[in-house]
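Taking it in order: structure first as structure tokens, then the write-up.
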Amino acid sequence: MDSREFAEWIAFNGMEPFGDERADLRAALVSCTMANMWSKKKHKLKDFLFDFKPKVEQTPDDMKSLLKACCAKFKKG
């Protein structure tokens, strides 16, 4: 793929998004629609979307110490 084709794919994705985020949105839309058909409570689309962002921001030092602790446990066993 050359740079021209890559730029075309980026432009296409801007007009017709694809990928995991778009698939999650479609699945949430179907789930929300079904839930609203069969429930008296009115659900919102955001009720069916996952939040994959970490709840706590980790520093590189936090990650390094966690990795060291995991490696130490495997060395003992």
Query raised in the report: How are the Cα pair distances of region 12-57 distributed, in percent, across 10 Å bins from 0?
Result: 25, 37, 29, 9
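If the only charges are +1 at each Lys and Arg Cβ and -1 at each Asp and Glu Cβ, what is the size of the charge dipole of the chain around the Cα centre, to the nearest 20 debye?
Numbers: 15 positive and 12 negative charges, 158 e Å.
In total the dipole reaches around 760 debye.
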Query raised in the report: If the label point is 7 Å along Cα→Cβ of Asp20, which residues in region 44-77 have backbone nitrogen under 17 Å from it?
Result: 49-55
Report summary line: Tilt, helix 60-76 to longest principal axis of the chain (alpha-carbon atoms), in degrees rounded to tens, equals 60 degrees
Requested in this report: Calculate the all-directions average of the projected area of the chain's alpha-carbon convex hull, and give it in nm².
Outcome: 10.9 nm²
Query raised in the report: By how many nm would the segment from Leu66 to Glu5 grow when fully extended, if each residue of separation counts as 0.36 nm and the alpha-carbon distance is taken off?
Result: 17.8 nm
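Just so you know, all these numbers are worked out from the coordinates, no wet-lab data involved. Given the structure is predicted, the values throughout are model-derived calculations rather than measurements. Note: ideal-geometry Cβ built from the backbone for every residue, glycine included; neighbour counts use all protein chains shown.
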